[in-house]
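Values in this text are rule-based calculations from the coordinates and carry no lab data. All values derive from a computational prediction rather than experimental measurement. Don't worry about glycine lacking a Cβ; one is built from the backbone with ideal geometry, like all the others, and counts go over all protein chains shown.
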Amino acid sequence: MIEKYKTFLKKNAHIHEKYIPFYANWVKMAYGFCKLPLKQHIDKRQREEFYIFLASRYQEWQVLQAKTALRYYMFFLERYLTSENDGWEISASEKDWQTVLNRTIQTLRLKQRAFNTEKTYLRWIRGFRAFLQEKNPNDLTAQDLQFFLSHLAVDLRVAPNTQNQALNALIFFYRFGLKKNIEGQLDAVRARPRQKLPVVLSKEEVKSVLAQMSQPQRLMAQVIYGGGLRLMECLRLRVKDLDFERNVIWVRSGKGDKDRHTLFPVSLRQDLQEHLQKMRKLYEQDRRKHLPGVELPHLLAKKYPNAPFEWSWFWVFPSQYLSIDPRINKIRRHHMHPASLQKAFKNALRQTDITKRATIHTLRHSFATHLIEAGYDVRSVQELLGHKSLQTTMIYTHIAKVNLSGIRSPLD
């Protein structure tokens, strides 16, 4: 069974050969821990118990690798083994799906789409495939996509942005995976737009939440609030992006693959310098161990082979653990995982008396609203946020007007 799983990893999951034995060992360890035969599925509860067991003995990247190995094995049991003879059988439809999925992935990477975009698109394609009940991809038509989008709006009642995300992912899949252009043939039921104002914290509320956070998560949250950054924009900051002389933070390849500069909070100057001194030790440790350099965007590593090993390209907020780059299966140091900051912010919010449904992105909303309340013009705020349309930024003026209007309730 394990040998067949190894073959699956090589031929279908495209895992590098040198990592396949590790994947196989994680699976054998999991089944030994759960005391189950290799032909039987491990349920969610048993898997979680196994992960807890691993977390107490192994590093974070190893636990993540074990999770990936088990996820592949569960898929392997479902798709590739028959109940009669455990033979290695792949249906013609399965081969066709693999072909179009590989073509889609190759195009996403050729167009240098972000890895999060790739994961999102593939998640929607898998959902679409399940909705069609494994219909052969070569037989797909515009009507299939139309039915799926209507299903999202009518049956699942998803938000308009969610439906638009699914539409973008599947249009891309049709165009580059299936080689079909169907944009002019769609007439699906669209999700009803909703006018929602963002949640905003007051300055005092921001202070109280930040006071409950520990380093380095507090420093990351301060950078997000002080410069109006998105979560991933903060995580992807490089040492060279902090301009201490001009008090500017450079945001590279932000949303829409746009560069911009934003405010560098002067109050964070010393904290950031001390933080970078600590990270320099981690950087030098990696160099002594001759580890692969950090990931570089847009194939810059090929143009500048030494850049991944330079301090200026090192992450401002690197992870303390090494992890596997899922695109090239190379072990290297990545930036901190977004869940680390999200969880820290949620725990800090819970320790205050704030009842608002705030997230780490609320700090960006608060940044924009507080600037407008301070009298700065909307155009300047738009540039700092990196919004393409002024209408997107105008939503913060509605919140600021309520706070600045001075209108008293008739009850008062």
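Karplus-derived 3J(HN,Hα) values for the stretch 257-264, using 6.51 cos²θ - 1.76 cosθ + 1.60 with θ = phi - 60°, are 6, 9, 8, 7, 10, 9, 6, 9 Hz; glycine and proline are entered as x. What the phi angles of the stretch 155-160 give under the Karplus curve with 6.51, -1.76 and 1.60, with θ = phi - 60°, is a coupling list of 7, 8, 6, 6, 5, x Hz, glycine and proline written as x.
Candidate values (1) 36, 25, 20; (2) 40, 30, 22; (3) 61, 25, 18 were compared with semi-axes √(5λ) of the Cα gyration tensor in Å computed on the shown model; the agreeing label is (2). Residues whose amide H falls under 5 Å from that of ILE331, counting only those 5 or more places apart or on a different chain, are ASP325, with hydrogens built in the peptide plane.
Angle, helix 269-288 long axis vs. longest principal axis of the chain, Cα atoms, 0 to 90°, nearest 10? Rounded to the nearest ten degrees, it is 30. Length gained on full extension, ASN247 to ILE331: 26.8 nm, using 0.36 nm per residue less the C-alpha separation. The distance between label points at LYS278 and LYS258 comes to 3.4 nm (points 7 Å beyond Cα on the Cα→Cβ vector).
Quick check on my link table: of LYS302/LYS343; LYS119/LYS180; LYS10/LYS346; LYS39/LYS95; LYS278/LYS388, which ones sit more than 30 Å apart, alpha carbon to alpha carbon? Each step should come with its number before you reach the end.
On the way: LYS302/LYS343 36 Å; LYS119/LYS180 22 Å; LYS10/LYS346 40 Å; LYS39/LYS95 23 Å; LYS278/LYS388 37 Å.
Correct reply: LYS302/LYS343; LYS10/LYS346; LYS278/LYS388.
Each residue of the stretch 330-335 was assigned a 3J(HN,Hα) from its phi angle through the Karplus expression (A = 6.51, B = -1.76, C = 1.60, θ = phi - 60°), giving 10, 7, 8, 8, 9, 6 Hz with x at Gly and Pro. Amide H to amide H distances under 5 Å link VAL251 with ARG260, HIS261, THR262, where only residues 5 or more positions off or on other chains count and H is placed in the peptide plane. Each stretch of four or more DSSP H residues adds -39500 (n - 2.57); spread over every residue of the chain, this sum gives -16500 deg cm²/dmol at 222 nm.
Using the count of nearby Cβ atoms within 10 Å as a rough guide to exposure, how do GLU183, GLU60 rank from fewest to most? Working shown, then result.
Working: GLU183 10, GLU60 16.
The most exposed by this proxy come first: GLU183, GLU60.
Across the chain, the mean sequence separation of Cα contacts (distance under 8 Å, 6 or more residues apart), normalised by length, yields a relative contact order of 14 percent. For the stretch 294-333, applying the loop criterion from DSSP together with a ceiling of 16 other beta carbons within 10 Å to the trypsin sites (Lys or Arg not before Pro) yields ARG327. Both the radius of gyration and Dmax for the stretch 232-368 are 16.4, 52 Å, in that order, over alpha-carbon atoms. Helix 2-11 and the long axis of the chain differ in direction by around 60°, with both axes built from C-alpha atoms. Under 5 Å from the amide H of ARG238 lie the amide H atoms of VAL316, each residue being 5 or more positions distant or on a separate chain, with H modelled from the backbone and absent for Pro and chain starts.
Would you mind telling me the antiparallel percentage of the DSSP bridges in the chain, rounded to 5? Here the share of antiparallel DSSP bridges comes out near 100 percent.
Taking the C-alpha atoms only, the angle from helix 44-55 to the longest principal axis of the chain is near 70 degrees.
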